[in-house]
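Bear in mind that the values in this text are calculations on the coordinates, not laboratory data. All values derive from a computational prediction rather than experimental measurement. For neighbour counting, all protein chains shown are included, and Cβ atoms are generated from backbone atoms with ideal geometry for every residue, glycine included.
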Amino acid sequence: MTDQTPQTRAALPTSEEVQAEVAEWVAQNWWTQITVGEWWRRMSRAGFTSPSLPLDAGGRNWPGDLTSAVMATLAKAGALGPPGGLGLFLAAPTIAHHGSPAQVARYLPPILGGTEGCCQLFSEPQAGSDLAGLQTRAVRDGDDWVITGQKVWTSTAQTADLAMLIARTDPDAPKHLGITYFGIDMRQPGIEIRPLREMTGRAVFNEVFLDEARVPHADIIGELHRGWTIANATLGFERSGAGHGGGSFSPALPGSRAGDLAKPAAGFIGAEGPISGAAIGRRHLAMLDALVKEKGRASDPLVRQALARTHTDYHVQRMMGWKAKTFPGSRTGVEGNLAKVYNSSSVANARDAANMLLGPEAQLWHSPGSAGVFQEMTLFSPAPPIYAGSDQIQRNVIGARALGLPREPGPPSNTPFSELPKN
Ligand SMILES: Cc1cc2nc3c(=O)[nH]c(=O)nc-3n(C[C@H](O)[C@H](O)[C@H](O)COP(=O)(O)OP(=O)(O)OC[C@H]3O[C@@H](n4cnc5c(N)ncnc54)[C@H](O)[C@@H]3O)c2cc1C
């Protein structure tokens, strides 16, 4: 496990100093023909890919505002941002904070350099909200563990080199205590991936069948049977959106299977990545504001209310994510859950506001400009209240942990998993 101690503010550079350092570095390293792979390699060596990570994990140990200063300077200079995907967002901070030094050295360089893409093998057909009820099992065989079971809704599995996997290693322990967290190689014969098509027409997520897939004992992240804690760390990064320390992602894809590493980086500047509802982002707010003006509706009180709701929820979400990452002493412990719920409502509000402005055009598909973005957002908008744990589950957690409400009824928490009723 690496040192997570935040640096005191006095030991940190100012935002202006960071901007100057990054601008000078870009001037020395960015040129129009540089490939995506070479650019990301240089960025990770400079510690700019995810500056919020600890120093020995390839970051700068900087708080979110300085990470944002790095990303804003990259964008202002017209240079490509860091690799997108779940590697940088979720696996990197999880391994940096919970992996051994050998695992940090093994996993972080390819994730930060974008040479290996990553997916998250958590949800199962009977274990989504009740994730700790998962039934994929891992059985020890010499220096390996043999994994058998089914995962579902696995985003980007078809392009991933690596996965964060949780599997049951002790069925006789209470359900939260017999789970282990592994880093597993997706490029092996025991793993079959079947894409699932969404109503956007894309097939981002997949069913994943594990049939005696193998993972070395050395690739257990954290302790044997104690993977639930690590999985919650990953989910915390996901819910708060803080996994990348407030950074932003490039539309170029990482990884050896479908990555854009050999392509010129400049080709991705200004390109629209897949439109995600994961975080509405400033770009969507700016598009919404522009749409209001374009339609001449800036003085319409209903439109103004809808805009105010969208901006408010977006900023509350960002502040909660920021707090989850930046102020350890003043947390309630549910900032990530709150950020997740506000993300869902800001996406829904933006969708509703855009649909009000577009009228029947909202029901078309792939219109040019912002209309096309909002058409796709409309079809993707049911996803944010579901992924990373549904909003209902977040509210249960907020109720129990922050408001002191009674927990949901159920069998005693020390009941062995093997004795619990199963679907
Ligand atoms: C776009 C997208 C991408 C995803 N990517 C991934 C991924 O990469 N990896 C991964 O592992 N998973 C992924 N998921 C899966 C996601 O984490 C699960 O869908 C989610 O946890 C909900 O589980 P479920 O679908 O099994 O729904 P269920 O658990 O069956 O829930 C069904 C409904 O019942 C409600 N409900 C269930 N239990 C309770 C309760 N106790 N109290 C109140 N309400 C309850 C839920 O809120 C929901 O509305 C993704 C999902 C989506 C939509």
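Could you please report the charge total around Arg106, scoring K, R as +1 and D, E as -1 over all other residues with beta-carbon less than 13 angstrom from its beta-carbon?
-4
Quickly rank 63-69, 102-108 as a protection proxy: mean count of other C-beta atoms within 10 Å, highest first.
Going by the mean number of other Cβ atoms within 10 Å, highest first, we get 63-69, 102-108.
Considering only C-alpha atoms, what is the centroid distance from region 35-57 to region 331-360, in Å?
Each part's Cα centre sits 31 Å from the other's.
Just tell me, in residue order, which DSSP H segments of the chain are both 24 angstrom or longer along the helix axis (alpha-carbon based) and at least -0.5 in mean Kyte-Doolittle hydropathy.
Counting only whole DSSP H runs, the qualifying helices are 335-358.
If you count, for each residue, the other Cβ atoms within 10 Å and average over each peptide, how do 181-192, 410-421 line up from highest to lowest?
Descending packing order for the listed peptides: 181-192, 410-421.
Determine which aspartates and glutamates satisfy two conditions relative to Lys151: a Cα distance under 13 Å, and not lying fewer than 8 residues away in the same chain.
Counting by Cα, and skipping residues close in sequence, Lys151 has these aspartates and glutamates nearby: Glu124, Glu192, Glu207, Asp211.
If packing is taken as the mean number of other Cβ atoms within 10 Å per residue, what is the order of 12-20, 384-392, 232-240, 134-142, highest first?
Going from most to least packed, we get 232-240, 384-392, 134-142, 12-20.
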